[in-house]
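The values are calculated or read from the model by the stated rules, or taken from the named source; none is laboratory data. All values reported here derive from a predicted model rather than from experimental measurement. Don't worry about glycine lacking a Cβ; one is built from the backbone with ideal geometry, like all the others, and counts go over all protein chains shown. For accessibility, only protein heavy atoms count, side chains too; no ligands or nucleic acids. Shrake-Rupley method; radii C 1.70, N 1.55, O 1.52, S 1.80 Å.
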Amino acid sequence: MSEQTFADFGVHDDIVAALAAHEIITPFPIQAMTLPVALSGHDIIGQAKTGTGKTLGFGIPMLQRVVTPKDGAAYDALPAPGKPQALAVAPTRELAVQVAKDLERAGAQRGVRVLTVYGGRAYEPQVEALQKGIEVVVGTPGRLIDL
């Protein structure tokens with residue numbers, strides 16, 4: 001029996017293609033356990049060692065649910081097009097940057113716009129990016145509270 005791929009879980013074709021472009025084809029165990037639950041709209045709590053794929057375990061369902069400008073009429077029908085639809089909170093700026101990078105990579109072909117917000121950077125560019133339009137915000141607690 002062959003290993004399952006992200007496509008076998010019903011992941012959006014654009015996400016599957018974006019991951020495949022980075023040679024990410026088969027889910028790690030934490031992803032295989034969480035994807036069916038999260039993609040069906042249920043909350044998940046996962047615990048696994050660093051480097052085992054937790055980000056995509058919660059990130060793929062997040063990316064699949066957001067509506068992007070690429071979605072045309074569905075995007076225009078949103079109550080507030082361009083406003084954030086998903087939030088990932090990370091305890092450190094390094095982890096926020098890493099999570100955002102993974103989400104950007106996986107959501108690239110869907111046109112998902114990801115903004116990373118953390119302290120030690122000017123507010124203005126972050127505020128401008130939010131005003132321009134973002135689907136996913138990844139940030140540290142302090143800066144999220146500030147904004």
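Working only within segment 107-124, note down all residues that are at pLDDT below 95 and open to solvent by less than 70 Å² (accessible area, probe 1.4 Å).
Start the filter on segment 107-124 by keeping residues that are at pLDDT below 95, which leaves 119-124.
Gly119, Ala122, listed by residue number.
Consider segment 22-35. How many of its residues are open to solvent by 70 Å² or more (accessible area, probe 1.4 Å) and of a type outside the set (D, E, K, R)?
Taking segment 22-35 and keeping what is open to solvent by 70 Å² or more (accessible area, probe 1.4 Å), we get 22-23, 25, 28-29, 33.
Subset that is of a type outside the set (D, E, K, R): 22, 25, 28-29, 33.
Selection size over segment 22-35: 5.
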Which numbered condition Ile24 fails, given (1) among the aliphatic types (A, V, I, L, M); (2) in contact with a His (Cβ under 8 Å, 6 or more places away or on another chain); (3) not in a helix (DSSP H, G or I) = (2)
Residue satisfying condition, being surrounded by 15 or more Cβ atoms within 10 Å (Cβ to Cβ), out of contact with any Asp or Glu (no Cβ under 6 Å at 6 or more places or on another chain), farther than 22 Å from Gln98 by Cβ and among the hydrophobic types (A, V, I, L, M, F, W, C), within set Ala38, Ala7, Ala18 = Ala7
May I ask you to list pairs of residues, at least six apart or on different chains, whose Cβ atoms are under 7 Å apart, with the first in segment 134-147 being closer than 18 Å to Leu103 by Cα and among the charged types (D, E, K, R) and the second being open to solvent by less than 50 Å² (accessible area, probe 1.4 Å) and not in a helix (DSSP H, G or I)?
-> Glu135/Val66; Glu135/Thr68; Glu135/Ala86; Glu135/Val112
Just for segment 71-94: of the residues that are surrounded by 13 or more Cβ atoms within 10 Å (Cβ to Cβ) and in contact with a strand residue (DSSP E or B) (Cβ under 9 Å, 6 or more places away or on another chain), which one is farthest from Thr116 (Cα to Cα)?
-> Gln85
